[in-house]
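Since the structure comes first, as structure tokens, the remarks are kept for the end.
The values are calculated or read from the model by the stated rules, or taken from the named source; none is laboratory data. The shown structure was predicted, so the numbers you read here are calculated from the model rather than taken from an experiment. So basically every Cβ, Gly included, is an ideal-geometry build from the backbone, and we count neighbours across all protein chains shown.
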Amino acid sequence: MPHIICTLDPISLHEVEDPAHHPSVHEGRGEDEITIYFENERNRDLYLATPTEHPCGDLGLNLSNPTEEWIDNG
């Protein structure tokens, strides 16, 4: 199971040296899990306060082809 570790602070865009001693956020589960490290608590709080965009509004609409055959029926 891959676990992605990001040591580039997404707020400051600086590399976090010695990530074990810096704040972090864990997002996702299983194969989609990622740990993001931050230079300081302020940057982590700014990241967590960033609103998430949902450009489609209706997230219940599935535009992909969920069949195992991946056949285009259109």
Inset, instruction - Would you mind telling me which numbered condition in (1) in contact with a Gly (Cβ under 6 Å, 6 or more places away or on another chain); (2) modelled with pLDDT of 95 or more Tyr37 fails? - result: (1)
Legend entry - Cross-chain or 6+ apart pairs with Cβ under 6 Å, the range 34-45 first and more than 13 Å from Glu15 (Cβ to Cβ) and part of a strand (DSSP E or B), then among the small types (Gly, Ala, Ser) and at pLDDT 95 or above: Thr35/Ser24
Legend entry - Residues satisfying the stated conditions in the range 1-33, i.e. part of a helix (DSSP H, G or I) and more than 15 Å from the chain's Cα centre (by Cα): Pro19, Ala20, His21
Inset, instruction - Take the range 9-33 and flag every residue that is surrounded by 13 or more Cβ atoms within 10 Å (Cβ to Cβ) and without any contact (Cβ under 8 Å) to a residue 24 or more places away in the chain. - result: Val16, Pro19, His22, Pro23, Ser24, Val25
